[in-house]
């Protein structure tokens with residue numbers, strides 16, 4: 001998964017289950033790898049438990065997955081099964097809050113435009 005618009009996102013959590021729950025062993029490992037724009041990476045291994053006949057989604061919280069440009073999900077094998085399902089990606093894509101200096105610069109520019117307009121009216 002890759003963000004196509006400018007900026008970054010935070011991945012806070014994911015729900016995962018085995019796709020075919022009647023095959024393989026009792027659990028499998030899955031790795032979530034996040035890549036930042038400067039190409040540094042963060043990863044976390046998840047152990048997903050297999051529930052034969054009833055694939056249950058398990059919720060995982062992800063720590064440190066901030067400022068990402070892409071995320072990759074990979075899985076080890078579960079017997080002869082190499083499939084998983086996921087849903088409920090919890091993503092925070094809020095724009096950063098402007099710094100006070102930026103706000104002051106914008107306010108100064110608007111004030112200068114107001115003064116310029118007032119002077120034109122006076123002339």
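Each reported figure results from applying straightforward, stated rules to the coordinates on display, with no laboratory input. Remember, predicted model here, so these are calculated numbers, not experimental data. Heads up, the Cβs are rebuilt from the backbone with ideal geometry, glycines too, and the neighbour counts pull from every protein chain shown.
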When 4, 66, 87 are ranked with the fewest other C-beta atoms within 10 Å first, the list becomes 4, 87, 66
At 7 Å along the Cα-to-beta-carbon direction for both residue 43 and residue 110, put a label point, then send me their distance in nm to one decimal.
4.8 nm
Given R₀ = 25 Å, FRET efficiency for residue 3-residue 74 by Cβ-Cβ distance, to 0.05?
0.85
By how many nm would the segment from residue 85 to residue 35 grow when fully extended, if each residue of separation counts as 0.36 nm and the alpha-carbon distance is taken off?
15.9 nm
Full extension from residue 51 to residue 103: what is 0.36 nm times the residue separation minus their Cα-Cα distance, to one decimal in nm?
13.4 nm
Multiplying the sequence separation of residue 61 and residue 15 by 0.36 nm and subtracting their Cα-Cα distance, what value in nm do you get?
15.7 nm
